[in-house]
Structures are given as C-alpha cells and as structure tokens.
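Nothing in this text is a laboratory measurement; each read-out follows from the coordinates by a stated rule. Small disclaimer: the values here were computed from a predicted structure and weren't measured. With ideal geometry, Cβ positions are generated from the backbone for all residues, glycine too; neighbour counts draw on all protein chains shown.
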Amino acid sequence: MHIRITAGFFALLLFAVSPTRAQSSVAQTPPMGWNSWNHFACKVTAADVRGAADAIAKNGMKEAGYLYVNVDDCWQGTRDEEGHIRPNENLGDMKALADYVHSKGLKFGIYSSPGPRTCAGFEGSYQHEEQDAQTYAAWGVDYLKYDWCSASEVYPVSQIRDVYKKMHDALQRTGRPIVYSLCQYGWELVWRWGPEVGGNLWRTTGDIEDRYESMTKIGFGQAGLEPFAGPGHWNDPDMLEIGNGGMSSDEYITHMTLWCLLAAPLLAGNDLTRVTPVDLAILLNKEAIAVDQDPKGVQGHRLSAEGPLEVWAKPLADGSVAVGFFSRAGSYPAKVSVKDLGFTGAVHVRDLWLHKDVGTFDGEYRAQVPRHGAVLVRIWK
C-alpha cells in the first residue's frame, strides 16, 4: 500500500499545534492513569482504589507516566442538611482516600454529572455545582469527569456549552488545578467548543466495550479530528480495555498503538492487582507511550485505508515520524514511502513493539501486519 501525504495534511498539523489555541496549566500531554469503571463499575470500593494506587506505584506504571487514580460513577451517597455531597459506605472518607493516593506520588480523580443524577442513578451536581467544586478541592481532587446523562432532563442540549462552562468556572474559583474531562459522547461536535468551556479532554464517541469491533470503530473513527487536539485539550476516544480479557494480545496491541498515535488519554480500566505480565507489558511499552506523550502534541492522522489495511502517522517533536500499520482482517503486508513522509534518501526505522532498530531504508518500508494486529515504527533521518 503506497502512501502519499498531501499539503493539506501538514496544514492540519500546523492548525493543531498553533500557539493561538487555548492552553491550560494542566494536561499539557494527554492524561495517563487508571479509572474504575471498565472493570469494577458500581462494585468499586475504597479497597479497590487503594489497590490500584498500590499497583501503579509498584509495577512500573507510575514511572511510565500513569499518575491519575480516578473513581468513576457510584461513589456518591446522600447530601447533608446543608447540601454537601457525601460518599457512600463503599468509598468511605474521600479525603482520606485522596490522601492515600497522594501519598503514593499519584493524583486523585472523581466523577459527577451536571444533571440531578449520574448515569448509574446516584446524586449529580445539578444546582450544587459551586458547592461540589469546593468539596472536591477540599478533598484534594485533581481530575473531574463530568458525564451528561440526566442533564437532558433539566437542560436542552442547546445549552450544553453553558452547562459545562458553569462547572469549569466553579472549579476555577477553587484555585486548585483540576483536569476537566467532558463526557458527553461527542454531542454537538464538542471538539469545536470544548476548549472554550474549559475542557481539557472531551469524549468523542459513546462508551467503549472490551470487544475488537467496538475498539476499532471508535479508534479508527477519530480520523478528521486531529485539528482539534493539542496541549491542554485532547480528543478522548474513551478508556483502555487492555487486560479485561475480551480481546487477544494482538488486538490489545492494536488498541494501545492506535490510542498512542491518536494522542489519546491513556486511562487503564482493568484490575491492576491481577494484571497478567503480557497485558502489563502492553501498558508499559514506554516507546509507544513516548509517542502518545510527545510534547509536540499532534494527534496522528490516517494516511490511507485500503480494504482492511490502514496506515496512520504522527509527527514527533524530534523530527521523526511514528507510523502505525493496521490490518482489520487477515495478515497482509503494508508499505509506506519514506519520501512521502517528508524524507529524502535513506532513513532509520525502529520497531517500537520489538524494541529494536530494524535497519536503514531508502524508498519504502514494508511491514507484515498480523490479523487484528498492528506494527508501530519510528522513522527518522
């Protein structure tokens, strides 16, 4: 498969990294960490959260950049007489839980909704935005995922921007740096206005499932959104399913490869206390993570799709280019022209999953891609 990059592609990249885009003091690279929902859902307990923090601190994930330990839905109890939100008995003292996470050198995240109830039917932040923001700051919260759900019962979708900005402003008034994650499933083309309402990341689709079809539909569906990502504001194709058991190792490698090329947030969603060595190795691939966390902040772009084969590229700050080869059907060879990547003459190629240099090439590079698998290389002059 011969790939050609047009001038329009480089125009998109210039827009993506333009210094005139809104910047933020947090999330200068895509947030990395763990979220409770994909594995624990409403069964999450304080012990589960502490277990995740312990694992991250010990298994190499902290050193690799996974810093946020985020409690998703189902932590809420009732409000007291003054309206302050309190956690339920499964989570207990949230300040103590945040302190524990912080003691590991990690950051603590939480979840709410602008509606009366969360997606799972727990207490939302409707008419308590200022109060909840102050409570979160007092607990030591570093990250808020704000999920639309029942907000549709009290707000027309036409007000979605004002609704999300209301919580952002409340968070700002706390004086605490808090990553603000908009969860509204890509409604109203959120990537166009997310930065204006203070979003550091925003979901671009519905929920991911631990199935190859779900993951690839969401991941490959990000094509065209690259102009809207950059330092402080990222497109979010949802959390990682790696380690939850619904996909093969090749499929999880595709998941990680694609999310890294997309400059997506990397939030593990498995039980880290029982992760297999194979799945942990996928999460800990520091060369792939470096592609995701590259300071240039460019989201990768689909160069070509030919039947089951896709090739994506992401320019990096050091002048190299990360290239991902994917096969959504059988095992097929795919190739990319080094000239069309902006290079002339011989170039160096390093395979980021094999962790080795694979030679110097002039003309084109060919990769054999396994079924449902991926090859990730870095090419430089």
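Assorted remarks:
- Dipole of the chain, positive end: most advanced residue of Val358, Ala290, Ala223 [Cβ charges, Cα centre]: Val358
- FRET efficiency estimate (nearest 0.05) - Cβ-Cβ, Asp54 to His84, R0 25 angstrom: 0.30
- Gain on full stretching of the segment that runs from Ser25 to Ser152 - 0.36 nm per residue minus C-alpha separation: 42.7 nm
- Efficiency of FRET from Cβ geometry, Asp99 and Thr276, R₀ 45 Å, rounded to 0.05: 0.90
- Taking Cα centre as origin and charging only the Cβ of basic (Lys, Arg, +1) and acidic (Asp, Glu, -1) residues, the dipole magnitude of segment 300-380 rounds to 200 debye.
- Annotation: segment 294-367 has a Kirkwood hydrodynamic radius of 13.2 angstrom, from the mean reciprocal C-alpha pair distance.
- Rounded tilt (10° steps) of 160-174 against the dominant C-alpha axis of the chain: 70 degrees
- GluC sites (Glu not before Pro), loop per DSSP, at most 15 other Cβ atoms within 10 Å - longest free stretch of the chain: 90-381
- The distance linking segment 295-328 with segment 334-356 is 11 Å (Cα centroid to Cα centroid, whole angstrom).
- Inter-label distance for Arg117 and Glu306, nm, one decimal - labels placed 7 Å from Cα along Cα-to-Cβ: 5.2 nm
- Between Lys217 and Trp380, full extension at 0.36 nm per residue minus the direct alpha carbon distance yields a gain of 55.7 nm.
- For the chain, the longest principal axis of the Cα atoms and the long axis of helix 129-139 meet at an angle of about 80 degrees.
- Gain on full extension, evaluated as 0.36 nm per residue between Arg366 and Gln159 minus their Cα-Cα distance, stands at 69.6 nm.
- Cross-link pairs Lys217/Lys314; Lys107/Lys165; Lys43/Lys296; Lys104/Lys286; Lys104/Lys356 - those with Cα-Cα distance over 31 Å: Lys43/Lys296; Lys104/Lys356
- For the chain, Kirkwood radius (reciprocal of mean inverse C-alpha pair distance, Å): 21.2 Å
- Between helix 46-58 and the chain: long-axis angle, C-alpha atoms, 0 to 90°, nearest 10: 40 degrees
- Segment 37-66 residues near the modelled Arg176 label - backbone nitrogen below 13 Å, point 7 Å along Cα→Cβ: none
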